[in-house]
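Novice: After the structure tokens below, expect a handful of questions from me.
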């Protein structure tokens, strides 16, 4: 069950949002009294409420906004109980000062905005002893393993327990709490108005993660990156999973580079079934893999991990997706292949020297394309060129020679820097194929300008969907509905509208 937190300054706004949520199927809300400006009117908030409510008045030290005296706060909580609130949230240090009364259930909570305590079991035991109907522990995650410890504590609890790790690293606990046995999790009414660090909007919890469908047998997949909040992989994969009727969920895992080894060592404890891998982990994950496909061995980087009885297997779907996307664009434009076994272009300029650039260069070379790499860091470009068997040039020299294909494998043009381009319009020519791996937005400045010139276009959406489809086949052994994946991605990036 998803409990939606409502924090508004006016009573009428709280009541309106409460009614809206109940109309849309939400069965539990949290009313944050500490957000209300002026005198709090408990009776007004509870009268004719459309679904059960938790009444919470959080102090600043616990992450709330209460600015008045502690005595006034405790009177407010006692009043909520007398007025028949369904639940009242009481911090562990004040629970003894608010007596049991009536049918109101007591949530005994503990908040730590700095860390996740080492002994969660001992903390839980103390909270459960305070006449708790529900125990709630919310702590800051500083390590991915904090999530595991929290979920394992929830699973072992006999008293109904909500265990949440806050912050970007702690997001998995919000999505997987029900799988561990939590009676509910917390979400915010609006994605842009989180009431706690790492909180997810209720629509996203419902429509992307399908929270209420996650059970003990649900398999866990995800994307591992740092940062990870911007990733739209969960949108694409969860849409495909729902369309295919597969009991699995795809979760964002923020894992700093120095914590990757411990995270992967703990994979069986989740348990993890598969991971997408992106910056900065594509090379580092290989030291944990027992099997690697040919592309991974050639490229030296993986973007896909599959977990099985024989260990971790590594794959790279970027190269194949890039070739598929470019080939489809050229065929659609009735361009015949210019060389035996080719894809319709003889030479290509790859902009960038990261993991994506390396994979793209390898993929193009396998299709007999003469590749040149340009990067602001020439040494990195030279290193990839030596590995791939192609040329490297300085960033300033990228315009000196004509190319049939321009590939942007840099983040230039990505949201929010949408007014930037890695290749100036004056150097574009109608005969060129322009391939931009940036997918948010789909219509980058490079894509817009190339379209006005008359270039053949491959957008990041096409490559992103194709590489995700390859991952889906690796993990689930079935073909995903790429139309569903594409539409989900375009909705998420607001790029379903016609090109500018």
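Novice: How much of the pair distance distribution for segment 207-294 lies past 21 Å, counting alpha-carbon pairs only, in percent? Intermediate results must be reported in sequence, preceding the final value.
Specialist: On the way: 1247 of 3828 pairs.
The proportion of pairs with Cα distances above 21 Å equals 33 percent.
Novice: Here is a further query. Compute the projected area of the convex hull of the Cα atoms of segment 86-146, averaged over all viewing directions, and report it in nm² to one decimal place. Let's see the in-between values first.
Specialist: On the way: hull surface 17.6 nm².
With the hull built on Cα positions only, its mean projection is 4.4 nm².
Novice: Let me ask something else about it. Once all Cα-Cα distances of segment 233-281 are split into 10 Å bins that start at 0, what whole-number percent is in each one?
Specialist: Whole-percent P(r) values from 0 Å outward: 21, 50, 26, 3.
Novice: Once both axes come from the Cα atoms, what is the angle between helix 171-180 and the longest principal axis of the chain, in degrees from 0 to 90, rounded to 10?
Specialist: 60
Novice: For segment 320-458, taking Cα atoms only, what is the radius of gyration to one decimal and the Dmax to the nearest whole Å?
Specialist: Cα only, segment 320-458: 13.7, 41 Å (Rg, Dmax).
Novice: Compute log10 of I(q)/I(0) for segment 156-307 with the Debye formula, placing one identical point scatterer on every Cα and leaving out solvent, at q = 0.08, 0.18, 0.19 Å⁻¹, to two decimals.
Specialist: For the requested q values the scattering log ratios are -0.23, -1.13, -1.25.
Novice: Taking the highest mean first, how do the peptides 396-408, 233-245 order by number of other beta carbon atoms within 10 angstrom per residue? Show your work: numbers first, answer last.
Specialist: Values: 396-408: 18.2, 233-245: 21.2.
Ranking, from highest mean packing down: 233-245, 396-408.
Novice: Rounded to the nearest 10 degrees, what's the angle between the helix 460-476 long axis and the longest principal axis of the chain, both from Cα atoms, 0 to 90?
Specialist: Around 70 degrees separate the two axes.
Novice: So if I take the alpha carbon set of the chain, get Rg, then get Rh from the Kirkwood formula, what is the Rg over Rh ratio?
Specialist: Using only Cα positions, Rg/Rh for the chain is 1.05.
Novice: Which semi-axes, in whole Å and largest first, does the equivalent ellipsoid of segment 2-201 have when worked out from the alpha carbon gyration tensor as the square roots of 5 times its eigenvalues? Spell out each step's value before the answer.
Specialist: Details: eigenvalues 126, 73, 50 Å².
After diagonalising the Cα gyration tensor, the semi-axes are 25, 19, 16 Å.
Novice: Starting with the highest mean, order 126-132, 24-30 by the number of other Cβ atoms within 10 Å, averaged over the residues of each peptide.
Specialist: Working: 126-132: 16.4, 24-30: 18.1.
Peptide ranking by packing, descending: 24-30, 126-132.
Novice: Measure nothing but the geometry: give the 0 to 90° angle between the long axis through the Cα atoms of 482-493 and the longest principal axis through the Cα atoms of the chain, rounded to 10°.
Specialist: 70
Novice: What ranking do 140, 1, 485 get, fewest neighbouring Cβ atoms within 10 angstrom at the top?
Specialist: Numbers: 140 19, 1 12, 485 23.
The order, fewest Cβ neighbours first, is 1, 140, 485.
Bear in mind these aren't lab numbers, they're just calculated from the coordinates by the rules spelled out. Since the structure is predicted, the reported quantities are computational estimates derived from the model, not experimental observations. When we count neighbours, we look across all protein chains shown, and the Cβ atoms used for this are built from the backbone with ideal geometry, even at glycine.
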